[in-house]
Amino acid sequence: MATLSPGCAALVIAAPASGQGKTTLTATLAWLYRRQGKSVRVFKVGPDFLDPMILEYASGQPVYQLDLWMIGEAESRRLLAEAAQSTDVILIEGVMGLFDGTPSTADLAATLSIPVLAIIDASAMAQTFAAVAYGLAHYRQDIQLAGVLANRVGSPRHADMLIKALPADIPHIAVMPRQAESLPSRHLGLVQASELDNLSQQLNRLADSLTLNPDFVLPELKAIPTVHKPLAKALAGVRIGIAKDAAFAFIYQANIDCLIEMGAEIVYFSPLTDATLPDVDSLYLPGGYPELHLQTLSQNSSLISEIQQHIAAHKPVLAECGGMLFLCQTLADKDGNQAPMCGVLQAEAKLQKRFTALALQSVTIGTQQIRGHTYHHSSLQTALEAIAVGSCPNGNAVSEAVYQHQRLTASYIHFYFNSCPELVAQWFHP
């Protein structure tokens, strides 16, 4: 049983549907509690890279995923328990609508016994706001609704109507007025936090706009039984170079932790600015936005040459999504602008106008199974034969290929390393 920080509180932040303002309000609450001098940790339900960047900035702490399928109940409990040992407030941003998907945000809240704060976009409703809140509170008996937050409220009179309509057993927690501007986004989601020059000003403005119910008391987190089996030091002494910059930033912090726990030494480098590779045994090229930096990447001929030599020397590489696109012969953006890339994979990639894939993925390689997810706007043209293909647990038809060339493993799948650390160790071990 983990020892919790005295009075550590926790909320799952959910909504009836996507687009209700979960990320913005989770970041706002994290920022507000930090301004009050509280230590805040934020988690994100399900696979996501962009929302956690905003949430990490707002909380000042790394953001990890919690998920009953990709990460598993035991690992979710362990991550939560570790955070609770030195934290005043834990906020867990849900995914989609509260009850959507299998497993859903509601499933996680019920499993971990954490009350739910429901964010409801009230911009086009009055008393119906209360009916939606009632439905969220009573649809399942194993969910405890801590209260509701009315978002995009038009006026004080509108707020009064919403609050008065609520049943007596559903408290209002806060009211957020309609905002003139929102956090900017692009084709894969929110713009990366590192690209926003005025994020602190935006969060201050949002926190100032939020009216918290003075009677609301954050629910205290219950004890969390956990069991953690330390990972074998299968990568002891292995130096892994990880691409990390504006073009390659889709990295789970839990993946880095996994590599370090297995004994690896991590060295970061930037394909956008570094002319040479660091002295490493293996490379990890994660996803990101290489299509936004075509010319810069293409013109970094010295680094491209070193990557080619690394692979030709049969040294390990894992390339996920954007990292895989960087290794193709060419990459074109959605406007048709094309540039040569590393040319290691006999493939050509091009951005499309819409998502080409969005799904959880499980893939079996040999006798080992690893989990992750895929989401991308690009398509890949290649004659390469896959060594394995993924499958979606929710019946989605998306089935991503995994390619291997010498010691290079490449796929559109963003892998969650802790779901099969033994396979990950094999990929990276010289």
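From 100, 142, grab the single residue that is outside any strand (DSSP E or B), closer than 23 Å to residue 224 by Cα and acidic (Asp, Glu).
Exactly one residue qualifies, and that residue is 142.
Can you list the strands (runs of 3 or more DSSP E) found entirely within segment 340-430 that contain at least 1 residues being in contact with a helix residue (DSSP H, G or I) (Cβ under 7 Å, 6 or more places away or on another chain), without any contact (Cβ under 8 Å) to a residue 40 or more places away in the chain and under 25 Å from residue 302 (Cα atoms)?
The qualifying strands (runs of 3 or more DSSP E) are 347-351.
Just the residues that are of a type in the set (Phe, Trp, Tyr) and surrounded by fewer than 19 Cβ atoms within 10 Å (Cβ to Cβ), please, taken from segment 127-171.
The answer is 134, 139.
In the set 318, 292, which member is among the hydrophobic types (A, V, I, L, M, F, W, C) and either in contact with a helix residue (DSSP H, G or I) (Cβ under 6 Å, 6 or more places away or on another chain) or within 29 Å of residue 90 (Cβ to Cβ) (or both)?
318
In segment 338-361, how many are surrounded by 18 or more Cβ atoms within 10 Å (Cβ to Cβ) and of a type in the set (S, T, N, Q)?
Adding up the residues that qualify gives 1.
Enumerate the strands (runs of 3 or more DSSP E) found wholly within segment 1-74, keeping only those where 3 or more residues are in contact (Cβ under 8 Å) with a residue 12 or more places away in the chain and more than 12 Å from the chain's Cα centre (by Cα).
Ranges flagged: 9-14.
Mind checking whether some residue in segment 183-191 is assigned to a strand (DSSP E or B), modelled with pLDDT under 95 and surrounded by 17 or more Cβ atoms within 10 Å (Cβ to Cβ)?
Checked against the condition, which is being assigned to a strand (DSSP E or B), modelled with pLDDT under 95 and surrounded by 17 or more Cβ atoms within 10 Å (Cβ to Cβ), segment 183-191 yields at least one hit.
Quick check, is residue 412 in contact with a Lys or Arg (Cβ under 9 Å, 6 or more places away or on another chain), at pLDDT 95 or above and either aliphatic (A, V, I, L, M) or under 22 Å from residue 327 (Cα atoms) (or both)?
For residue 412, the condition - in contact with a Lys or Arg (Cβ under 9 Å, 6 or more places away or on another chain), at pLDDT 95 or above and either aliphatic (A, V, I, L, M) or under 22 Å from residue 327 (Cα atoms) (or both) - is not met.
Which numbered condition in (1) assigned to a strand (DSSP E or B); (2) modelled with pLDDT under 95 is the only one that residue 267 fails?
Unmet condition: (2).
Test residue 105 against the stated conditions and say whether it is surrounded by fewer than 18 Cβ atoms within 10 Å (Cβ to Cβ) and within 21 Å of the chain's Cα centre (by Cα).
Against the criterion (surrounded by fewer than 18 Cβ atoms within 10 Å (Cβ to Cβ) and within 21 Å of the chain's Cα centre (by Cα)), residue 105 does not qualify.
Restricting the search to segment 196-245, which residues are assigned to a loop (DSSP other than H, G, I, E, B), closer than 30 Å to residue 294 by Cβ and modelled with pLDDT of 95 or more?
Within segment 196-245, 244, 245 meet the criteria.
The values are calculated or read from the model by the stated rules, or taken from the named source; none is laboratory data. In this text, all values refer to a predicted model and were calculated from it rather than measured experimentally. When we count neighbours, we look across all protein chains shown, and the Cβ atoms used for this are built from the backbone with ideal geometry, even at glycine.
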